[in-house]
Amino acid sequence: MSLDIKIPQVGESITEVTIASWLKKEGDFVQLDEVLCELESDKATFELNAEAAGVLRIKAQEGETIEIGAVVCSIEEGKGSAVAAPVVEKIDKSSQSQATSATISTGQKLEMRVPEVGESITEVTLSSWIKKEGDFVTLDEVIAEIDSDKATFELPAEGVGILHPAANEGDTLKIGDLICTIEISEGVPAKAQTPQASSVVASSNQSYATGHASPAASKILSEKGINTSAISGTGVDGRITKEDADKAQKEASKPQPLSTSKSEAPIVLPAGERNETRKKMSSLRKTVSRRLVAVKNDTAMLTTFNEVNMKPIMDLRNKYKEQFKEKHEIGLGFMSFFTKACTVALLEWPAVNGQIDGDEMVYHDFCDISIAVSAPKGLVVPVIRNAEKLSFAGIESEVRRLALKARDNKLTIPEMTGGTFTITNGGVFGSMMSTPIINSPQSAILGMHNIVERAVVENGEIVIRPMMYLALSYDHRIIDGRESVSFLVRVKELLEDPTRLLLEV
Amino acid sequence: MTYDITVIGSGPGGYVAAIRCAQLGFKTALVEKYSTLGGTCLNVGCIPSKALLDSTEHFHNAETTFKEHGVNITGLKADLAQMIKRKGEVVSQTTQGIDFLMKKNKIDVLHGLGSFVDKNTIKISGEKEQTITTDKVIIATGSKPSSLPFIQLDKKRVITSTEALELKEIPKHLIVIGGGVIGLELGSVYARLGSKVSVVEYMDSLIPTMDATLGRELKKSLSKLGFEYYLKHKVVEVKGAAKKVTIKAESPKGETVELEGDYCLVSVGRKPYTDGLGLDKVGITTDKAGRIEVNSQLQTNVPNIYAIGDVIKGAMLAHKAEEEGVFVAETIAGQKPHIHYNLIPGVVYTWPEVASVGYTEQQLKEQGKAYKTGSFPYRALGRARASMDIDGQVKVLADKTTDEILGVHIIGARAADMIASAVTAMEFRASAEDVSRMSHAHPTYMEAVKEACLAATEDRAIHM
């Protein structure tokens with residue numbers, strides 16, 4: 001079968017064109033849509049595309065001037081090659097432009113359907129009605145909120161009139177399903193139903209560019225270590241602006257208002273109150289959960305244990321508590337002993353203080369100790385910088401300063417980033433034994449626990465001692481068993497004989 | 001002396017890196033082998049070639065379009081010596097500008113050949129020899145014109161771009177080997193002054209790395225200047241004599257074509273330049289093409305040493321090197337900058353100009369991406385007709401489903417400046433319709449971009 005290719009209409013008032021050059025030769029095999037030749041009119045140059053795949057037969061030569069509609073070549077279609085329906089595009093367009101407009105007359109009902117909200121989203125959940133049955137709504141007024149698995153968006157009214165919902169809160173609807181009708185009011189024009197492409201833009205701000213960070217914003221987010229998916233952009237179609245990126249973490253450290261779901265369907269049960277409360281995850285909670293799971297997945301984490309006799313430290317503390325407080329104006333707690341012991345051991349076992357960065361291992365000659373603190377909205381981990389250089393009093397006052405700031409939600413981002421090792425104390429809540437999760441990108445974390453009087457054997461005799469279990473979770477990719485165990489043993493030795501801290505032995 | 005960062009090479013990559021380092025509070029040194037700063041770009045590349053391109057374009061217009069504009073001139077004559085003198089002044093003003101910027105930013109400029117003693121020690125051999133220690137090093141030594149193994153560059157008759165910027169006479173017949181950016185720009189300079197220019201290119205099109213439409217259109221435009229082309233021709237011999245040069249090339253059919261001219265410009269590309277740098281002293285590795293190997297942070301296999309610009313992989317463009325200079329300085333400072341390499345524009349300063357960003361149509365086809373095209377010709381623009389610059393078109397490629405702009409390819413007057421708006425739009429992932437809904441001043445060449453976007457959106461250009 002041979003398909004004649006004619007000179008298409010290239011513009012008003014153009015009646016003839018000149019063949020500038022053939023890009024394909026007589027007898028060439030051409031693909032669908034491939035450019036065959038270039039045509040010149042007195043206004044412009046055009047390309048003539050193959051309307052089918054096949055062998056080219058040229059009927060007009062370069063330099064020839066021919067009329068619109070004249071045959072320039074034919075294509076002998078190859079076996080199995082698809083025939084392109086010519087000018088399909090134009091037909092589509094004209095049918096598209098027949099926009100059905102909702103009329104003005106009273107009693108006219110405008111059906112609103114679930115709009116397309118993005119690629120690959122086929123269904124949405126009607127999370128809440130903002131307007132009720134019988135409410136009068138105006139054009140573009142938000143009448144409902146809709147959730148997809150990717151985002152929440154608002155549904156604006158497509159006309160003016162009385163709202164009649166056709167779906168209930170919590171219903172899952174397919175794209176195109178009827179969601180409500182609007183009884184058009186007299187004399188007020190309804191918004192004409194726009195072609196589909198623009199109605200997507202109008203009714204939701206989801207697009208391929210949603211969540212795309214501007215050049216400046218993407219740099220800021222990288223530096224803060226925030227994934228673009230974790231924040232919602234305020235720019236056009238949900239693009240992330242520089243301001244969004246600047247604010248990203250500040251917002252995370254502010255307590256989020258807890259909103260309860262409006263869609264609490266009553267559960268019918270024989271007796272007793274059985275209420276379920278749902279709260280939105282705060283950004284902090286989301287970040288924490290994402291990071292914890294990431295650490296579990298991305299590291300080779302395991303935990304080694306030991307126990308420490310706390311009597312020597314407790315004795316020392318009892319002896320000097322008053323003097324220490326008087327001199328340094330701060331209480332002598334356990335944290336300073338543990339921090340100090342860890343810094344000594346970390347410098348001796350640098351892998352425990354190191355981290356993995358891509359294909360490289362990074363070691364530090366300083367100890368920035370992260371302290372896990374329970375703050376009102378969750379766990380925060382401020383950092384004691386250069387803890388190895390601080391005195392006991394210095395550590396205690398840093399711990400106090402950071403803990404107070406944590407309590408008041410006043411910790412800054414720099415105060416919480418960049419630690420090399422973490423200490424967490426589950427003992428304050430009564431934990432006897434736990435396996436803490438590494439504070440990524442660090443490689444190890446020490447877990448302290450409660451102090452319990454236990455019967456232990458010393459010099460062949462059973463004695464009662466205040467004992468604490470210690471747990472060290474570590475990333476086996478960078479820390480070998482010998483290093484982790486030796487580190488923990490060293491910490492134990494230093495704690496059981498704190499004089500060693502003084503003598504550095 | 002001890003520095004936080006030492007930059008070797010003062011081209012647009014190196015000096016920009018040095019300034020950004022200084023801005024970030026690093027104590028910075030800039031090492032330069034030559035007496036003037038600015039590297040290839042300022043001394044023997046972008047700036048001087050543009051000076052000559054502008055001078056010769058004025059001459060060409062005076063010769064060809066002034067009469068039509070109603071400007072009559074008698075005794076029109078091209079003064080090549082004056083053009084080259086003016087070019088020299090532009091270069092010296094520009095390089096002095098860099099001297100000023102270095103002083104302003106308190107960057108120590110050390111003249112001499114910089115070479116590694118070890119990874120933290122650089123020896124600078126200039127009029128006197130000195131050694132400095134440095135925490136970090138940024139290699140920005142750039143590139144040199146490359147050649148073909150059998151070509152003897154005598155630099156008198158068989159020349160590179162460097163010599164082509166300093167000719168004492170207008171060639172009668174300039175043979176250009178290589179139909180890339182450099183050959184076509186310098187070929188244009190002399191074609192406008194009356195030289196016959198023959199371009200011998202191994203590939204089947206001009207500027208073969210850019211979108212095929214651009215190469216085709218440019219070929220047509222330059223034909224009007226009298227360019228002759230020998231595409232798909234393989235040069236096999238170049239012989240320079242005292243007053244002439246002959247070259248032999250194999251045609252696609254295997255026949256030998258012989259061309260005789262008075263100059264032969266070898267513009268077959270550029271090669272990374274690391275001679276005398278002492279890379280072996282620190283164990284830095286290069287690839288087969290001689291490029292220093294770097295990771296995504298532009299860090300070499302020696303962690304405190306970075307490399308940027310022509311000496312590493314990627315397009316050999318001044319603005320690419322500049323972005324990398326800033327990137328490395330900020331990375332060293334602990335920041336996390338990004339470079340979108342696909343959104344670095346490419347420009348050819350012929351007339352009409354050629355400029356391009358994003359994917360070419362060929363690349364999209366190879367990726368199997370569903371895309372749509374919108375084109376708009378310059379000759380339908382009021383602005384273009386008013387100034388008689390009607391050669392050219394804008395082509396916009398957009399994603400078939402999302403309408404996101406994937407590539408913008410412009411040939412025409414002022415394309416080089418217009419491409420920036422395409423980069424802006426694409427950095428924000430604008431759709432073709434987005435751009436077509438932004439107001440473009442009338443009458444301007446930029447209207448062609450808007451119209452092409454309209455054409456790409458729903459084939460609804462207004463002025464076609």
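The values are calculated or read from the model by the stated rules, or taken from the named source; none is laboratory data. Because the structure is a prediction, the values reported are computed rather than measured. Cβ atoms come from the backbone with ideal geometry, glycine included; neighbour counts cover every protein chain shown.
Here's the yes/no breakdown for (1) in contact with a strand residue (DSSP E or B) (Cβ under 6 Å, 6 or more places away or on another chain); (2) over 30 Å from B:Val200 (Cα atoms); (3) buried (at least 23 other Cβ atoms within 10 Å of the Cβ):
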residue	(1), (2), (3)
B:Gly261	yes, no, no
B:Gly276	yes, yes, no
B:Gly283	no, yes, no
B:Lys288	no, no, no
B:Asn304	yes, yes, no
B:Thr331	no, yes, no
B:His340	no, yes, no
statement: Selection over region A:216-233 where residues are of a type outside the set (A, V, I, L, M, F, W, C) and either in contact with an Asp or Glu (Cβ under 6 Å, 6 or more places away or on another chain) or more than 10 Å from chain B (Cβ to nearest Cβ) (or both) yields a count of 5
query: Filtering region B:386-399 down to residues that are more than 12 Å from chain A (Cβ to nearest Cβ) and surrounded by fewer than 22 Cβ atoms within 10 Å (Cβ to Cβ), which residue is nearest to B:Thr213 (Cα to Cα)?
result: B:Asp389
- prompt: Could you say whether any residue in region A:20-27 is at pLDDT 85 or above, assigned to a loop (DSSP other than H, G, I, E, B) and within 52 Å of the chain's Cα centre (by Cα)?
  reply: yes
field: Unique match (being surrounded by fewer than 24 Cβ atoms within 10 Å (Cβ to Cβ), modelled with pLDDT of 95 or more and assigned by TED's automatic domain parsing to the domain that holds B:His233) among B:Leu193, B:Leu174, B:Leu184
entry: B:Leu193
field: Residue pairs meeting the criteria (Cβ under 6 Å; at least 6 apart or on separate chains; first among the charged types (D, E, K, R), in region A:412-432; second buried (at least 17 other Cβ atoms within 10 Å of the Cβ))
entry: A:Glu415/A:Pro382
- request: Looking for whichever is under 29 Å from B:Lys87 (Cβ atoms) and touching a residue at least 40 places away in the same chain (Cβ under 8 Å) here; the options are B:Val200, B:Val236. Which one fits?
  value: B:Val200
query: Just a yes or no: is a residue in region A:330-349 closer than 30 Å to A:Val463 by Cβ, in the same structural domain as A:Val463 (by TED's automatic domain parsing) and assigned to a strand (DSSP E or B)?
result: no
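Here is a yes/no grid of residues against (1) modelled with pLDDT of 60 or more; (2) under 30 Å from A:Glu154 (Cα atoms):
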site: A:Val71; (1), (2): yes, no
site: A:Ala85; (1), (2): no, no
site: A:Ser94; (1), (2): no, no
site: A:Gln98; (1), (2): no, yes
site: A:Leu126; (1), (2): yes, yes
- request: Consider only pairs whose beta carbons are under 9 Å apart and that are at least six residues apart or on different chains; among these, list those whose first residue lies in region A:48-61 and is of a type in the set (Asp, Glu) and whose second residue is surrounded by 21 or more Cβ atoms within 10 Å (Cβ to Cβ).
  value: A:Glu51/A:Ile5; A:Glu51/A:Ile75
field: Residue list for region A:45-78, restricted to those being under 30 Å from B:His463 (Cβ atoms) and in a loop (DSSP other than H, G, I, E, B)
entry: A:Ala50, A:Glu51, A:Ala60, A:Glu62, A:Gly63, A:Glu64, A:Ile68, A:Gly69, A:Ala70
- line: Selection from region B:199-219 of residues within 14 Å of chain A (Cβ to nearest Cβ) and within 19 Å of B:Val347 (Cβ to Cβ) yields B:Ser205, B:Asp211, B:Ala212, B:Thr213, B:Leu214, B:Gly215, B:Arg216, B:Glu217, B:Leu218, B:Lys219
task: Inspect all residues belonging to region B:177-189 and state whether any of them is in a helix (DSSP H, G or I) and hydroxyl-bearing (Ser, Thr, Tyr).
output: yes
Complete set of residues in region A:33-44 that are assigned to a loop (DSSP other than H, G, I, E, B) and touching a strand residue (DSSP E or B) at 6+ places or on another chain (Cβ under 6 Å): A:Asp33, A:Ser41, A:Ala44
Residue selected from region B:437-464 under the condition among the hydroxyl-bearing types (Ser, Thr, Tyr) and more than 14 Å from every other protein chain (Cβ to nearest Cβ), by the criterion nearest to A:Thr45 (Cα to Cα): B:Tyr445
- prompt: Regarding B:Arg379, is this residue more than 13 Å from chain A (Cβ to nearest Cβ) and within 23 Å of B:Ile462 (Cβ to Cβ)?
  reply: no
- prompt: Among the strands (runs of 3 or more DSSP E) contained in region B:306-420, which hold 1 or more residues that are closer than 28 Å to B:Arg291 by Cβ?
  reply: B:346-348, B:353-358, B:405-412
- line: The residue that is surrounded by the fewest Cβ atoms within 10 Å (Cβ to Cβ), considering only those in region B:350-385 that are touching an Asp or Glu at 6+ places or on another chain (Cβ under 8 Å) and of a type in the set (Phe, Trp, Tyr), is B:Tyr371
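Restricted to region B:131-157, and to residues that are closer than 16 Å to B:Thr28 by Cβ and polar (S, T, N, Q), which residue is surrounded by the fewest Cβ atoms within 10 Å (Cβ to Cβ)?
Taking the candidates together, the pick is B:Thr133.
Determine if region B:426-436 includes at least one residue that is closer than 17 Å to B:Tyr371 by Cβ, away from chain A (no Cβ under 11 Å), under 22 Å from the mean Cα position of the chain (by Cα) and not in a loop (DSSP other than H, G, I, E, B).
No, the conditions are met nowhere in region B:426-436.
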